[in-house]
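Novice: One structure is given below, represented as structure tokens, and several questions about it will come after.
The values are calculated or read from the model by the stated rules, or taken from the named source; none is laboratory data. Predicted model only: the values in this text are computed from it and were never measured. A quick note on method: Cβ atoms are made from the backbone with ideal geometry, for glycine too, and the neighbour counts reach across all protein chains shown. Ligands, DNA and RNA are excluded from the accessible area calculation, which covers all protein heavy atoms including side chains. Shrake-Rupley method; radii C 1.70, N 1.55, O 1.52, S 1.80 Å.
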Amino acid sequence: MQTVTTQGAEPLLSITGMKKHFDLSPPLLNRLIERKPVQHLRAVDGLDIAVPKGKTFSLVGESGCGKSTVAKLVVGLYGPTEGKVIFDGADLTDLEASQRADYRRRIQMIFQDPYASLNPRWRVRDIIAEPLRSFGLVSSRQEERDEVGRLLELVGLNPRDGEKFPHEFSGGQRQRISIARAISSRPDFLVCDEPTSALDVSVQAQILNLMRDLQEELGLTYLFISHDLAVVDFMSDYVGVMYLGRLVEVGPAKEVFHNPTHPYTRLLMDTIPDMEMTRRDRTPVAGEVPNPINPPPGCTFHPRCPLANARCKAEAPRLRQMPGDARVSCHAAEEGRNPPLARKPTGPENAPVMQLRASAGGA
Amino acid sequence: MHPMTQTPDPLLQVRDLSIAFDTRHGPLRAVDNITFDLAPGEILGMVGESGAGKSLTGTAITGLLERPGHISGGEIHFEGRRIDTLSKDAMRPLRGRKIGAIFQDPLTSLNPLLTVGKQLVETIQTHMDLTKEAARARAIDLLAEVGIPAPEQRVDHYPHQFSGGMRQRVVIALALCADPKLVIADEPTTALDVSIQAQILALLKKMCREHGAAVILVTHDMGVIAETADRVAVMYSGRLVEIGPVEQVVKHPRHPYTRGLMGSIPVVGGGLRRLTQIDGAMPRLTDLPSGCAFHPRCPKATEACTQVKPTAVKVDDGQVACLLYEGAQ
Ligand SMILES: Nc1ncnc2c1ncn2[C@@H]1O[C@H](COP(=O)(O)OP(=O)(O)OP(=O)(O)O)[C@@H](O)[C@H]1O
Ligand SMILES: Nc1ncnc2c1ncn2[C@@H]1O[C@H](COP(=O)(O)OP(=O)(O)OP(=O)(O)O)[C@@H](O)[C@H]1O
Ligand code: SF4
Ligand code: SF4
Ligand SMILES: [Mg+2]
Ligand SMILES: [Mg+2]
């Protein structure tokens, strides 16, 4: 089990030895006629994370590396092929149905799409009250109305907005409604899968600030997923970098962002769109795109890695503690043959240009 | 009259375009008199708050506006030909073949019951004279170009077996499969991580360079705009409030709304400080403020802003619709 993120605080949630393999085989008949083989896709392939209470742990990584699959495993939308989800001491993958309800209440999920995740035919007050009713958290109509009003105010809406339907709200307001619904059952853990990527930046800023305020006020713990590294940097205490269903680097956000060790993390940091260099051709992470159906042997990153050698092609590296606070899964890092960082990719000196300009602009 | 929004030999001309919804309480004007040109090979970035009218503008150009929405004024010309008056039947061959559209919601553009390969082959064969085998080969090439790993295996899988970002890329492959002249890309990279995003943007740029295709890139990611677009159009509440070369709009935004937009962007290394937010929300179409629609949220608003609707004026190489600049003319 990983201990890196647990220093000082007891993990509220930990995932150990997690695997999720999907069967993508063609139907049996086609397999026989067209001689197609059985196909398995290893979406998550041995993952350990631990999220301390009251903190934010973020998962980053390329599209298809398994982030949403982890999110769905945590909230129980998928059952694992192997491994455990341990929440507040209990193994969620091995619970009696009767015990499960309380954990379902305590772990909620915010989905990427605020358009699709709200029932268009329900009034907002019913959308928010639904978890209150199904978990038996309110005993009277009046109590329900008060609670819905309180939740709406908490997320910066007006209690009167409860009378309206979702289509009467903008994207950002709808995402506030989904947040109000997600916290209505008084969860302690929120899984947020790309909660702001459908939103424009100024609405995104409101939502991210709101999520941070709620964390402080309610002591929430977040598992946060975003492909936007700047958003992750803003939100996270800990970051796990995923590659083909596994963690390649995990540790305190500061360490991972400002002192990345794994060659893949460094490449990711280099591909961040740059506000200062207009119209330059960004180099995508080079090399063959990985295939989770037939992952390369050894270190799965080796076909794209500038530091790969014979050992990398044969032997899979394991996560190891590095001098900083991070854990890294890379032979080169372990052997000390990865070059020092050429430059700080995200030094504070060149970062907040846009912010300064905006405040000068009076916004 | 529109100095900087005119291009010598435009591929697309949008003139005083307005889009309205008929409701029981009368028409709601969701897009209000917007004008711009697009040259072959040019990438126009389009930004603005949720609900500003960006998607509607793109939808109008592709001829896919649905009742009760309709074009209530203005004209759209493509390759010198007026297209806003074409019938649905006349528009169909143009769309897909010459105008490719990538819509905001990738799930609605894919059929869950067909494999990704079937959908691509069908679309390719509709627009190009290719055999089934050739169309399938092209489908696999396209999947590779948008960065789908193992495309020859993936081509036979169903949409639900792809991740969110992979589905979005399949939609992009569908839009680009007939080498269109104009691509309307509505938030094409929202669910994509930076390296795949870089690959998609490189693909769009390559189409512009090699085929002279033009792109309207709707996105809320200013980083993407900054490095991809030649020019940027900023919309607020149905109006074009600022348009100009990307360097100018990103580095020296003039309109107060554009300035606020720039400050809302988190940056890596920015740390855990609060983000600037533009307080308040965009007005509802049902009660648009008088004068400049931005005035209730504008830190620079004056008495005049509540009365007078600003018109676009030239500022350096761009245009800005804000009273602060009208006097300066
Ligand atoms: N069918 C409809 N009926 C009524 N109003 C509509 C309809 N479709 C769109 N609108 C309104 O038109 C306005 C512009 O919508 P549009 O989808 O173009 O916004 P957008 O700029 O693309 O926003 P986003 O960034 O959220 O995608 C919004 O206020 C929206 O509520
Ligand atoms: N229900 C499913 N059946 C088969 N394969 C699946 C299923 N769900 C996900 N996969 C596969 O598992 C892998 C990981 O998918 P996942 O959705 O977890 O990726 P992700 O990291 O969230 O990517 P994105 O950033 O694009 O959303 C992908 O290769 C995807 O095709
Ligand atoms: S183990 Fe080898 S191939 Fe893998 S990241 Fe490290 S150096 Fe590169
Ligand atoms: S016209 Fe007035 S209210 Fe509108 S953006 Fe300019 S200063 Fe602000
Ligand atoms: Mg996902
Ligand atoms: Mg839109």
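Novice: Test each condition in (1) touching a Phe, Trp or Tyr at 6+ places or on another chain (Cβ under 9 Å); (2) away from ligand 1 (no atom under 16 Å from the Cβ) for B:S237 and report the one that comes out false.
Specialist: (2)
Novice: Of all residues being open to solvent by less than 50 Å² (accessible area, probe 1.4 Å) and within 14 Å of chain B (Cβ to nearest Cβ) in the stretch A:136-163, which is farthest from B:P283 (Cα to Cα)? Just the residue, please.
Specialist: A:V155
Novice: For a quick check of your reading of the model, give me the residue pairs whose first member lies in the stretch A:167-189 and is more than 14 Å from every other protein chain (Cβ to nearest Cβ) and closer than 19 Å to A:E144 by Cβ, whose second is within 16 Å of ligand 3 (Cβ to nearest atom) and open to solvent by 10 Å² or more (accessible area, probe 1.4 Å), with beta-carbon atoms closer than 6 Å and at least 6 apart or on different chains.
Specialist: Every condition considered, no pair remains.
Novice: I'm told B:G41 meets every condition in (1) more than 14 Å from chain A (Cβ to nearest Cβ); (2) under 22 Å from B:M207 (Cβ atoms); (3) away from ligand 1 (no atom under 15 Å from the Cβ); (4) among the small types (G, A, S) except one. Can you identify the failing condition by its number?
Specialist: (1)
Novice: Okay, moving on. Could you identify the single residue in A:P295, A:P340 that is open to solvent by 30 Å² or more (accessible area, probe 1.4 Å), away from ligand 6 (no atom under 16 Å from the Cβ), at pLDDT below 90 and more than 14 Å from chain B (Cβ to nearest Cβ)?
Specialist: Sole residue among the options that is open to solvent by 30 Å² or more (accessible area, probe 1.4 Å), away from ligand 6 (no atom under 16 Å from the Cβ), at pLDDT below 90 and more than 14 Å from chain B (Cβ to nearest Cβ): A:P340.
Novice: Condition first: out of contact with any helix residue (DSSP H, G or I) (no Cβ under 7 Å at 6 or more places or on another chain), in a loop (DSSP other than H, G, I, E, B) and modelled with pLDDT of 55 or more. Now tell me which residues in the stretch A:270-292 satisfy that.
Specialist: A:V289, A:P290, A:N291, A:P292 - these are the residues of the stretch A:270-292 that are out of contact with any helix residue (DSSP H, G or I) (no Cβ under 7 Å at 6 or more places or on another chain), in a loop (DSSP other than H, G, I, E, B) and modelled with pLDDT of 55 or more.
Novice: When A:Q204 is evaluated against the numbered criteria (1) within 12 Å of chain B (Cβ to nearest Cβ); (2) closer than 30 Å to A:L41 by Cβ; (3) of a type outside the set (G, A, S), which criterion, by number, is the only one it fails?
Specialist: Condition not satisfied by A:Q204: (2).
Novice: While we're looking at this one, here's another question. Within the stretch A:221-240, which residues are more than 15 Å from ligand 5 (Cβ to nearest atom), modelled with pLDDT under 95 and touching a Gly at 6+ places or on another chain (Cβ under 8 Å)?
Specialist: A:A230, A:D233, A:F234
Novice: Turning to a different aspect of this structure: Being within 11 Å of ligand 5 (Cβ to nearest atom), of a type in the set (S, T, Y) and open to solvent by 40 Å² or more (accessible area, probe 1.4 Å) is the filter here, so list the residues in the stretch A:68-85 that pass it.
Specialist: Once the filter is applied, which keeps residues that are within 11 Å of ligand 5 (Cβ to nearest atom), of a type in the set (S, T, Y) and open to solvent by 40 Å² or more (accessible area, probe 1.4 Å), the stretch A:68-85 yields only A:S68.
Novice: Out of A:D94, A:D88, A:D102, I need the residue that is in contact (Cβ under 8 Å) with a residue 60 or more places away in the chain, open to solvent by 40 Å² or more (accessible area, probe 1.4 Å) and not polar (S, T, N, Q). Which one?
Specialist: It is A:D88.
Novice: Of all residues in the stretch B:189-226, count the ones that are in contact (Cβ under 8 Å) with a residue 12 or more places away in the chain and over 15 Å from B:I99 (Cβ atoms).
Specialist: Adding up the residues that qualify gives 21.
Novice: Could I ask something else about it? Which one is nearest to B:D16 (Cα to Cα), of the residues in the stretch B:39-62 that are hydrophobic (A, V, I, L, M, F, W, C) and in contact with a helix residue (DSSP H, G or I) (Cβ under 7 Å, 6 or more places away or on another chain)?
Specialist: Looking at residues that are hydrophobic (A, V, I, L, M, F, W, C) and in contact with a helix residue (DSSP H, G or I) (Cβ under 7 Å, 6 or more places away or on another chain), I get B:M46.
Novice: I would also like to ask the following. Does A:D126 satisfy the criteria of being free of Cβ contacts under 8 Å to residues at least 12 places away in the same chain and either under 28 Å from B:M282 (Cα atoms) or within 14 Å of chain B (Cβ to nearest Cβ) (or both)?
Specialist: yes
Novice: If I ask for residues that are under 30 Å from A:T265 (Cβ atoms), within 12 Å of another protein chain (Cβ to nearest Cβ) and within 15 Å of the chain's Cα centre (by Cα), which ones from the stretch B:173-199 would you list?
Specialist: B:E187, B:T189, B:T190
Novice: Separate question: Taking B:E66 and the conditions (1) acidic (D, E); (2) closer than 26 Å to B:L192 by Cα; (3) within 16 Å of ligand 1 (Cβ to nearest atom), which numbered condition does it fall short on, given that it satisfies the others?
Specialist: (2)
Novice: Output the strands (runs of 3 or more DSSP E) that fall wholly within the stretch B:138-246 and possess 3 or more residues being among the β-branched types (V, I, T), or say none.
Specialist: Once the strands (runs of 3 or more DSSP E) in the stretch B:138-246 are filtered for at least 3 residues that are among the β-branched types (V, I, T), what remains is B:214-218.
Novice: Got a sec? Which strands (runs of 3 or more DSSP E) wholly within the stretch B:1-101 have at least 1 residues that are away from ligand 3 (no atom under 16 Å from the Cβ) and farther than 30 Å from B:L288 by Cα?
Specialist: Here the list reads B:43-48, B:69-78.
Novice: Go through the stretch A:209-228 and report how many residues are open to solvent by 10 Å² or more (accessible area, probe 1.4 Å) and either within 14 Å of chain B (Cβ to nearest Cβ) or among the acidic types (D, E) (or both).
Specialist: Of the residues in that region, 8 qualify.
Novice: Right, here's the next one. From the set of residues in the stretch B:261-306 that are open to solvent by 70 Å² or more (accessible area, probe 1.4 Å) and among the charged types (D, E, K, R), which is modelled with the lowest pLDDT?
Specialist: Step by step, filter the stretch B:261-306, then rank; the result is B:R273.
Novice: Which numbered condition trips up A:K19, out of (1) in contact (Cβ under 8 Å) with a residue 60 or more places away in the chain; (2) not in a strand (DSSP E or B)?
Specialist: Result: A:K19 fails condition (2) only.
Novice: Something else now. What number of residues within the stretch A:117-131 are among the polar types (S, T, N, Q) and either loosely packed, with under 15 Cβ neighbours inside 10 Å or assigned to a helix (DSSP H, G or I) (or both)?
Specialist: 1
Novice: Still on this model: Restricting the search to the stretch A:23-67, which residues are part of a helix (DSSP H, G or I) and surrounded by fewer than 24 Cβ atoms within 10 Å (Cβ to Cβ)?
Specialist: Scanning the stretch A:23-67 gives A:L28, A:L29, A:N30, A:R31, A:L32, A:I33.
Novice: Does the stretch B:220-227 contain any residue that is of a type outside the set (V, I, T), open to solvent by 10 Å² or more (accessible area, probe 1.4 Å) and within 16 Å of ligand 6 (Cβ to nearest atom)?
Specialist: yes
Novice: Working carefully through the options B:G238, B:G147, B:G164, B:G212, find the one that is open to solvent by 10 Å² or more (accessible area, probe 1.4 Å) and within 14 Å of another protein chain (Cβ to nearest Cβ).
Specialist: B:G164
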